[in-house]
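K.L.:
One structure follows; several queries about it will come next.
The values are calculated or read from the model by the stated rules, or taken from the named source; none is laboratory data. Since this is a predicted model, take the numbers as computed values, not measurements. Methodologically, a virtual Cβ is constructed for each residue, glycine included, from the backbone with ideal geometry; neighbour enumeration extends over all protein chains shown.
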Amino acid sequence: MNVMEVRGLGVDYLSSSGAVHAVADVSLDLRRGEILGLAGESGSGKSTLAHAIGRLLRPPATITGGSVTYHRPDGPAVDVLKLKREELRAFRWRELAVVFQSAMNSLNPVSTVGAQIDDVLRIHVPDLPRKARTERSVELLQRVGISADRRRSYPHELSGGMRQRAAIAIALALNPEIIIMDEPTTALDVVVQRDILHEIRALREEYGFAVMFITHDLSLLMEISDRIAIMYAGRVVETGTARALHQAPRHPYTLGLLRSFPRLHGPREELLGIPGTPPDLRSLPPGCAFHPRCRFAFHACDSTLPQLDPDVACLLNEGKGVR
Amino acid sequence: MSAVVLEGRNLTKHFKAARGRGSVRAVEDVSLTLRAGSVTALVGESGCGKSTVARLLAQVYPPTSGEVLLRGEKVKGFREYRRQVQLIFQDPFASLNPFHRVRYHLARPMRVHGHVRSDAHERELVAELLERVSLTPVEQFMDKLPHELSGGQRQRVAIARALAVRPVALIADEPVSMLDVSIRLGVLRLLEELADDSGLALLYITHDIASARYFAEDITVMYAGRLIESGPAEALTQAARHPYTRLLLDSAPDPDRVTRPDRTRHGEPPSLVSPPSGCRFHPRCPVALPVCSSEVPGRTDLGDGRWTHCWQADGAVG
């Protein structure tokens, strides 16, 4: 049961020297209550995709095509890209919330965290009495591991981990169906990161929301996600369960990523890495964008663009090339 | 064991906090040695003082107490010291001047330190440096501006610039944490080669203990301004003795993990303006004893080059 379907989505950044295709022909399903990991390097389009889904893009970014369909739990499907201003206001927070990388920048510095939760409740649930709002704020903060007396703290008085917890509390305020998390733990230390990941999983069990979790850290995604989509140069190149991708990656890029990060346990495997550098989106290589860095590339790779079929976009997997 | 090149002895650094709120005790009694041809890792979370240690060793600022010795001697004069000890920073977008070409970045330190005889010689040396950091063909890179390079290429230029003065020790402060996963490996391999082939003493500062396992011979772990454990990389990561090192290892993302780590909340590192008394880890330590909050644990040698600062070092843990 999908809570959101992305079909053929394209996003361009318009510039004087032509359009940059940041996201090209991306199709994804987000299932109800799952954690979908979105992995990719800088410039792979993962954040642009998330912003497009939340209708958060600003010029010069423009959506060039495709659709984003949201399925209400008990109502009709909604085309997110066609929502009008007022509908969008109701859609955000209530149905879809976003947690950004830097909580310092997404929280209001001149307002206490309690007041910021209160704001969301006051605007979206106007008939909720003040006392109930306060109770709900306290409950939310405690739920993410912040003591009630911190309600009156300003963001700068909290540590990085606490700020991120507060941002998650605000996202939970209206019990949304989807939470997009864009590198929510990247700025945090590993111990704090681990605690927050546990928190996210526990909250998911409790509230049943779906998470789109974006990060460049594939090892982290493999632990937290149910399914993973790997992006490269604006396209999804492989999707699958975290387990399948970990044990049997099918796209050479996924394999390269897996063999790039050192492991903590087990024997010291040789690290292969990926030669070359991520491509310049202004001048993408023809055919498969990964072929100049691919150790399995063959003659067709520089002319034929592989399609996601159904889980992997690589010519090797279409029976046309070497195994 | 190869010769000690750079040594910090009992380094302590306190900074004045803003608006007279006392001092930030960033680094407390840190001793560290770097050996020729060897990579030593300093691991810790942000704010634990590892970058301050880097700057103390590079003599960017003087320690509050303690001393830095180069081949057993104190070196006078900033320029003379910089000729021997060089730094590489985390952010290659900030550490290169956007207005200058690669050639200028590399030629400048060589001229300042008097390695250049003529313009032709300069060109030759710049080409040699680019070759060493694998930015080839060199003609293509020499006249590029920083914005024309990728993050990994920029970091290679920063490394080449550090090598330009022919140093004996290199201090790399989170050299790959800003780079994409797929290109980190190449930069780390380059640093490893430099230590192996040129006999450089290298300090690799990182928050990523898994990468330290692969690229360093020895790992020293730091917490809240103090060193807490040290030993050969493999031994330390596979059988840590200090509770904090264990927590760090348990927290690192690892898809191969067999058991799910426990779900308790672990709190956050302490303020360094008023650090906890005794062992600075005791408020978060799962096995703290009464003595941990009152006295700083001394160093316990565990043999095989390993030591730790923990009241339970004698085996009660684990």
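K.L.:
For the stretch A:264-288, what are the residues that are among the basic types (Lys, Arg) and either closer than 16 Å to A:ASP302 by Cβ or outside any loop (DSSP other than H, G, I, E, B) (or both)?
P.N.:
Scanning the stretch A:264-288 gives a single hit, A:ARG282.
K.L.:
Still on this structure, I have one more. Among the candidates A:ILE224, A:ILE214, A:ILE228, single out the residue that is at pLDDT 90 or above, within 12 Å of another protein chain (Cβ to nearest Cβ), under 22 Å from A:LEU49 (Cα atoms) and buried (at least 18 other Cβ atoms within 10 Å of the Cβ).
P.N.:
Values: A:ILE224 fails: at pLDDT 90 or above; A:ILE214 fails: within 12 Å of another protein chain (Cβ to nearest Cβ).
Going through A:ILE224, A:ILE214, A:ILE228 in turn, the sole match is A:ILE228.
K.L.:
Could you list all residues from the stretch A:129-160 that are not in a helix (DSSP H, G or I) and not hydrophobic (A, V, I, L, M, F, W, C)?
P.N.:
A:PRO129, A:GLY145, A:SER147, A:SER153, A:TYR154, A:SER159
K.L.:
Checking A:LEU272 against (1) among the hydrophobic types (A, V, I, L, M, F, W, C); (2) buried (at least 18 other Cβ atoms within 10 Å of the Cβ); (3) at the interface with chain B (Cβ under 10 Å from one of its Cβ atoms); (4) in contact (Cβ under 8 Å) with a residue 12 or more places away in the chain, only one condition comes out false. Which one?
P.N.:
Of everything listed in (1) among the hydrophobic types (A, V, I, L, M, F, W, C); (2) buried (at least 18 other Cβ atoms within 10 Å of the Cβ); (3) at the interface with chain B (Cβ under 10 Å from one of its Cβ atoms); (4) in contact (Cβ under 8 Å) with a residue 12 or more places away in the chain, A:LEU272 misses just condition (2).
K.L.:
I'm trying to understand the selection: among the residues of the stretch B:210-223, which are of a type outside the set (Phe, Trp, Tyr), more than 7 Å from every other protein chain (Cβ to nearest Cβ) and over 16 Å from B:VAL27 (Cα atoms)? Don't jump to the end; show me each part of the working.
P.N.:
From the stretch B:210-223, those of a type outside the set (Phe, Trp, Tyr) are B:210-213, B:216-222; that's our starting set.
Narrowing further to those that are more than 7 Å from every other protein chain (Cβ to nearest Cβ): B:212, B:216-222.
B:ALA212, B:ALA216, B:GLU217, B:ASP218, B:ILE219, listed by residue number.
K.L.:
B:LEU56 fails exactly one of the following numbered conditions: (1) within 26 Å of B:ALA26 (Cβ to Cβ); (2) outside any helix (DSSP H, G or I). What is the number of that condition?
P.N.:
Failing condition for B:LEU56: (2).
K.L.:
I would also like to ask the following. Is there a residue being small (Gly, Ala, Ser), more than 17 Å from the chain's Cα centre (by Cα) and farther than 30 Å from B:ILE183 by Cα anywhere in the stretch A:106-113?
P.N.:
Yes, that holds for at least one residue.
K.L.:
To continue, here is another question. Can you work out which of the residues in the stretch B:63-92 that are among the hydrophobic types (A, V, I, L, M, F, W, C) and in a loop (DSSP other than H, G, I, E, B) is farthest from B:HIS113 (Cα to Cα)?
P.N.:
So the first thing to find is which residues in the stretch B:63-92 are among the hydrophobic types (A, V, I, L, M, F, W, C), and the list is B:68-70, B:75, B:78, B:85, B:87-89.
Filter again for in a loop (DSSP other than H, G, I, E, B), leaving B:75, B:89.
Numbers: B:VAL75: 16, B:PHE89: 21 Å.
Going through the qualifying residues, I end up with B:PHE89.
K.L.:
Of all residues in the stretch A:25-46, count the ones that are crowded, with 16+ Cβ neighbours inside 10 Å and more than 22 Å from A:VAL78 (Cα to Cα).
P.N.:
Adding up the residues that qualify gives 9.
K.L.:
Then there's this: Can you go through B:LEU170, B:LEU202, B:LEU190, B:LEU163 and tell me which one is free of Cβ contacts under 8 Å to residues at least 60 places away in the same chain and of a type in the set (A, V, I, L, M, F, W, C)? It would help to see each step written out before you state the result.
P.N.:
Values: B:LEU170 fails: free of Cβ contacts under 8 Å to residues at least 60 places away in the same chain; B:LEU202 fails: free of Cβ contacts under 8 Å to residues at least 60 places away in the same chain; B:LEU163 fails: free of Cβ contacts under 8 Å to residues at least 60 places away in the same chain.
The match here is B:LEU190.
K.L.:
Separate question: Find all pairs meeting these conditions: Cβ atoms under 8 angstrom apart; at least six residues apart or on different chains; first residue within the stretch B:133-156 and in a helix (DSSP H, G or I); second residue of a type in the set (Asp, Glu) and surrounded by fewer than 22 Cβ atoms within 10 Å (Cβ to Cβ).
P.N.:
Between residues of the stretch B:133-156 that are in a helix (DSSP H, G or I) and residues that are of a type in the set (Asp, Glu) and surrounded by fewer than 22 Cβ atoms within 10 Å (Cβ to Cβ), the close pairs are B:VAL138/B:GLU131; B:GLY151/B:ASP180; B:GLY152/B:ASP180.
K.L.:
Confirm whether A:ARG94 is touching a helix residue (DSSP H, G or I) at 6+ places or on another chain (Cβ under 9 Å), surrounded by fewer than 21 Cβ atoms within 10 Å (Cβ to Cβ), away from chain B (no Cβ under 14 Å) and under 17 Å from A:TYR207 (Cα atoms).
P.N.:
So A:ARG94 fits the description; yes.
K.L.:
Taking A:LEU121 and the conditions (1) under 24 Å from A:MET4 (Cβ atoms); (2) surrounded by 14 or more Cβ atoms within 10 Å (Cβ to Cβ); (3) not acidic (Asp, Glu), which numbered condition does it fall short on, given that it satisfies the others?
P.N.:
(1)
K.L.:
For the stretch B:29-47, does any single residue satisfy the condition of being part of a helix (DSSP H, G or I), closer than 18 Å to B:TYR204 by Cβ and among the basic types (Lys, Arg)? Even if it seems obvious, please write down each step before you answer.
P.N.:
Narrowing the stretch B:29-47 to residues part of a helix (DSSP H, G or I): none.
The answer is no; no qualifying residue exists.
K.L.:
Just one of (1) at negative phi; (2) surrounded by fewer than 19 Cβ atoms within 10 Å (Cβ to Cβ); (3) within 9 Å of chain A (Cβ to nearest Cβ) trips up B:SER277, so point out which.
P.N.:
Answer for B:SER277: the failing condition is (3).
K.L.:
Right, something else. Go through (1) of a type outside the set (Gly, Ala, Ser); (2) at the interface with another protein chain (Cβ under 7 Å from one of its Cβ atoms); (3) buried (at least 20 other Cβ atoms within 10 Å of the Cβ); (4) farther than 25 Å from A:SER102 by Cβ and name the single condition A:LEU257 misses.
P.N.:
Status for A:LEU257: all satisfied but (4).
K.L.:
Further question: Taking the stretch B:71-92 on its own, how many of its residues are touching a residue at least 24 places away in the same chain (Cβ under 8 Å) and surrounded by fewer than 14 Cβ atoms within 10 Å (Cβ to Cβ)?
P.N.:
2
K.L.:
Related question: Please go through the stretch A:280-293 and give me each residue that is farther than 21 Å from A:LEU316 by Cα and either more than 10 Å from every other protein chain (Cβ to nearest Cβ) or touching a residue at least 60 places away in the same chain (Cβ under 8 Å) (or both), ordered by number. Please lay out each step first, then the result.
P.N.:
Here is the first cut: in the stretch A:280-293, the ones farther than 21 Å from A:LEU316 by Cα are A:280-283.
Selection gives A:LEU281, A:ARG282, A:SER283.
K.L.:
Whether any residue in the stretch B:105-125 is over 19 Å from A:GLY276 (Cβ atoms), at pLDDT 90 or above and buried (at least 23 other Cβ atoms within 10 Å of the Cβ) is what I want to check.
P.N.:
Yes, the conditions are met somewhere in the stretch B:105-125.
K.L.:
Does the stretch A:60-80 hold any residues that are surrounded by fewer than 16 Cβ atoms within 10 Å (Cβ to Cβ) and not hydroxyl-bearing (Ser, Thr, Tyr), and which are they?
P.N.:
If the condition is that a residue be surrounded by fewer than 16 Cβ atoms within 10 Å (Cβ to Cβ) and not hydroxyl-bearing (Ser, Thr, Tyr), then A:PRO60, A:GLY65, A:ARG72, A:PRO73, A:ASP74, A:GLY75, A:PRO76, A:ALA77, A:ASP79 are the ones that fit.
K.L.:
Given the conditions (1) surrounded by fewer than 23 Cβ atoms within 10 Å (Cβ to Cβ); (2) away from every other protein chain (no Cβ under 13 Å), and given that A:PRO249 satisfies all but one, which numbered condition is not satisfied?
P.N.:
Unmet condition: (2).
K.L.:
Residue check, B:SER198 against (1) within 12 Å of another protein chain (Cβ to nearest Cβ); (2) modelled with pLDDT under 90, all met but one. Which one?
P.N.:
(1)
A quick yes/no check of all residues on (1) more than 11 Å from chain A (Cβ to nearest Cβ); (2) crowded, with 17+ Cβ neighbours inside 10 Å; (3) among the small types (Gly, Ala, Ser); (4) more than 21 Å from B:PHE89 (Cα to Cα):
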residue: B:GLY225; (1), (2), (3), (4): yes, yes, yes, no
residue: B:TYR244; (1), (2), (3), (4): no, yes, no, yes
residue: B:ASP250; (1), (2), (3), (4): no, yes, no, yes
residue: B:HIS282; (1), (2), (3), (4): yes, yes, no, yes
residue: B:PRO290; (1), (2), (3), (4): yes, no, no, yes
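K.L.:
Still on this structure, I have one more. Output the number of the condition that A:SER111 fails; it satisfies all remaining conditions of (1) more than 24 Å from A:ALA210 (Cα to Cα); (2) modelled with pLDDT under 85.
P.N.:
Status for A:SER111: all satisfied but (2).
K.L.:
Enumerate the pairs (first residue in the stretch A:6-34 and outside any strand (DSSP E or B); second residue anywhere and crowded, with 21+ Cβ neighbours inside 10 Å) with beta-carbon separation below 6 Å, excluding pairs fewer than 6 apart on the same chain, so at least 6 apart or on different chains.
P.N.:
Correct list of pairs: A:ARG32/A:VAL3; A:ARG32/A:ALA210; A:GLY33/A:ALA210; A:GLU34/A:ALA210.
K.L.:
Look at the stretch B:153-193 and say how many of its residues are within 14 Å of the chain's Cα centre (by Cα), of a type outside the set (A, V, I, L, M) and crowded, with 21+ Cβ neighbours inside 10 Å.
P.N.:
Matching residues across the stretch B:153-193 total 2.
K.L.:
Can you tell which of A:LEU57, A:LEU49 is touching a strand residue (DSSP E or B) at 6+ places or on another chain (Cβ under 6 Å), crowded, with 16+ Cβ neighbours inside 10 Å and either part of a strand (DSSP E or B) or in contact (Cβ under 8 Å) with a residue 24 or more places away in the chain (or both)? Break it down stepwise before answering.
P.N.:
On the way: A:LEU57 fails: touching a strand residue (DSSP E or B) at 6+ places or on another chain (Cβ under 6 Å).
Matching residue, one of A:LEU57, A:LEU49: A:LEU49.
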